Amino acid sequence: MISCFNIKQILNFGEMKVSVFFKYILSFICSILLISAPAFAGANVAVKGEGDEVPSYVRSNITGFDFHGEDLHLSSIAGAVARDADFSDVDLHGTTLTLSDLKGSNLNGIDLTDTLSDRVNFQKTDLRNAVLVNMIASGSSFAGAQIDGADFTFAILDSEDQRNLCKIADGVNPTTGVATRDSLECS
């Protein structure tokens, strides 16, 4: 079965480029599918495995919270206000961050692989050495973000964000070994 996160990889096979319009449509469809998934529908707690509960911060104000180094994968932080929070070295892969405000937060070394991060405010965040592989970030803002060493491989970004991030892209991700410029497909 093909997941939404693998579609972009398949469509880019052989250096074929997907139109911007199709990317937005695909992103919207995947967002709707992921948001309406039964695992997150009205749940306050998700379950990672037997007995392992994951907290939910849906529509929460977690401004300034310190989550440094925590394992929050598969959790939901949708609609949350998390300005100036510390998410450094946090495992958030598979998380839903939709409609969240992370402005000014420390996301250094965060794992956002396979996250639904559409319409998220990443302005002035520290995304150095972050892993953002297969992230859907349509409608998000990265203005003023630090991205040295971040890996955006197969991330779905707005084309304007991609162009602006390419202007400051530098470094190699220490976890994946991928250059930031290469992951953003900068020319």
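A short reminder: the numbers here are calculations on the coordinates, not readings from a lab. These figures come from a predicted structure and were not determined experimentally. As a convention, Cβ positions derive from the backbone with ideal geometry for all residues, glycine included, and neighbour counts pool all protein chains shown.
Sorted from largest down, give the three principal axis spans of the alpha carbons of the stretch 42-183, whole angstrom values.
42, 26, 23
Calculate the spin-label point distance for GLU70 paired with SER187, positioning each point 7 Å from the Cα along the beta-carbon direction, and give it in nanometres.
Computed distance between label sites SER187 and GLU70 equals 4.3 nm.
Once the Cβ-Cβ distance between SER159 and ASP84 is put in as r, and R0 is 35 Å, what FRET efficiency do you end up with, to the nearest 0.05? Don't skip to the answer; put the middle values down first.
Details: r = 29 Å, r/R0 = 0.83.
That pair, SER159 with ASP84, gives E of 0.75.
Counting only residues 5 or more places away or on other chains, whose amide H sits under 5 Å from the amide H of ARG59 once H atoms are built in the peptide plane?
ALA78, GLY79, ALA80
Using R₀ = 25 Å, calculate the FRET efficiency as 1/(1 + (r/R₀)^6) where r is the Cβ-Cβ separation of ALA143 and GLU53; round to 0.05.
0.10
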